[in-house]
Every structure is written in structure tokens, then in C-alpha cells.
Amino acid sequence: MKIQRVLLIVPATLLVAACGAAATSHTTDSTIAATKAGLRAPGSFAPSTPQLNGLAPEPATVGAPATSDQSSAGAGSGASAGAAGDTSISQGPAIISKGQISLTTPHIDRARFKLQQYLDTWNGTIASEQSTADPRGHTDQTRLELRIPSNRFDDAMNQLPALGKLVDRSRSSQDVTTQVIDNNARVRSQQLSLDRIQALLAQAQNLNQIIAIESQLSQRQADLDSLEQQQKYLADQTSLATIDLYLTVPGKAPVVLHAHKSFWSGLTSGWNALGTSTSAVLNAVGAALPFALVLGLIGFAGRLAWRRRTTKTLADPGPVEV
């Protein structure tokens, strides 16, 4: 009999415990739901309007659920950060390449036609062209600014001298990889800052707030535009190399390039300038020497005549009166 009572008490105890756990779980779920409803209810824990003195929103209430806009913004920021990281990792060397070539050729028009064939092969263009003509109207000198894809820069520097007789050639390269990476990062940061200011503008509730936010918005937009212009310039200079090509007919002084400066080149230039100055001085002295000789002879003859007259006057003082 006692055994039967024990067997009945055990299941009853387990049943009561299960019911209590279910009730506790239900109460907890109800409490959580009520809490969430209270956070979303007007006037409970709604975030206050942003304080625009410092142009920054107040911190959100701890435990408040993120809205869909904030979630999407966070996802976008994460995607942007991931893209930024990928860009920084995949960023290759950024090189600005420039070259200058001076040639002489009796047929500038033919060289110009051959040059266009080269450009079609390299997918390059002529950015600008300046030409001069002789009295008969024939082109005797031309300067062309070529824009060549950077990966064909070496090919262009090696093949362009075939257009005529090479007079001079120079090239230079500048590594701007660090500058490009820094500029890209600043553009992304400035864009995020601009997005935050625009979000504050949407939450402004009075005229003073709107004026303060729009002032910051204009300044940051101007900074972003400046950074984007620098970004475009660097992208253009690193993707396309610049080559200045000079074509001159024989008999006309060709263009001589002096791109590489050094101590010896400066010494040579100074020595040449000294020689030129000395030659000019000696030329002037040689030109003035005949006139100086003639004037010297005339002056010497006049001086002799004056001395003779003075001596004669002193030797014959005239009759002396008693």
C-alpha cells in the first residue's frame, strides 16, 4: 500500500514541477515582450532629439533595438569597411611616368601620320599640338603632348625615335602609391562624415539647428569635392603616361632637353655661360678697338700741337719795355 502511494506521489511531483517551469517561461516571455513594447511606446525610452551644439546625436539607450535604417546603415558601413580593406590590400604601385623626345625629320607630315598609327596601336591620344611654319607655309617644327597607357610607356619611348633622327630623350617616374592610398581613405572618411551630417539634418526641429547643420554640411561637401578632384587627377596621371614629342626639320635648331640636372650639368652650363660671356666681351672690345685707335691718334696729335704752341710762347715772350 505504501509502495502504491509512493508511485502516485512521484508522477504528481514531476507534473507540478513541469507546470511551474512552463509558467515561469511564460512569465519571462511576457516580461520581455512588455519591456520591448515599453521601449517602443511613445514617451517611455524614446531617444531624444540630437543636441546640435556639438553637432552629434545623443547616445542611444542601452538595450534599445536597432531600427531597420540603422541596421542597413551598419551593414553598409561594414561593407564599405570591407571594401576599403580590400582596396588597401589590392592597391598596386601607382607610378606617374613622363617622357620627352626630340627628333629631326625632313618630312614632319609623314612622321605625324606614322605617329597616329602608333597611337592607334597603343590606344593613346594627342592631348595638344603646337606647330610653327616657314615663310612658304610648310611646317618646320611641332610639339605634341601624347597620353599613352602606362603599361605601354616603355614601348612608346623605344619606338617613337623611329619617326626621325634622335636628338635628345629623357624620362622620369614618380611613385605616388602612398598618396593614392591616403587620398582614397580620406575620401571614404569624408563621405561617412557627410552622411552623418545629412542624418542630423533630417532630425533637426528648429531653424537654428538647420542653419548650424547646413554650415557644416557645406564645408564638408566642399572638402569632399576637393578630395575627389585630387583622386581623379591621381587616377588620370597614374593610368596614362605623358610624353612630349618635338619634331623639327633639318637646318632649324632642334629642341634640346635638359631634364636631368646634376652638379656636372650645372658646372657645364656655368662654364658654357662663362665662355659665351667672355666671347661677347672680347667681341665688343674688338669692335671698339679701331675707334679707340683713331681717337687715340687724334688726341695724341692734338696734344703735340698744344705742347708746341705752349713752348713757342714761352721761348718768345716779345719786346720788353724799359
- [ ] Provide the per residue accessible area, probe 1.4 Å, for region 122-238, rounded to a whole number of square angstrom.
- [x] 60
TODO: Arrange the peptides 300-306, 147-153, 192-198 so that the one whose residues have, on average, the most other Cβ atoms within 10 Å appears first.
DONE: 147-153, 192-198, 300-306
Open item on the list: At 0.36 nm per residue, and after removing the present C-alpha to C-alpha distance, how many nm does the segment from T139 to A202 gain when stretched out fully?
Closed with: 16.3 nm
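The values are calculated or read from the model by the stated rules, or taken from the named source; none is laboratory data. Being a predicted model, the structure only gives us computed values, none of them experimental. Note: ideal-geometry Cβ built from the backbone for every residue, glycine included; neighbour counts use all protein chains shown. Heads up: the accessible areas ignore ligands, DNA and RNA and are worked out on the full protein's heavy atoms, side chains in. Shrake-Rupley method; radii C 1.70, N 1.55, O 1.52, S 1.80 Å.
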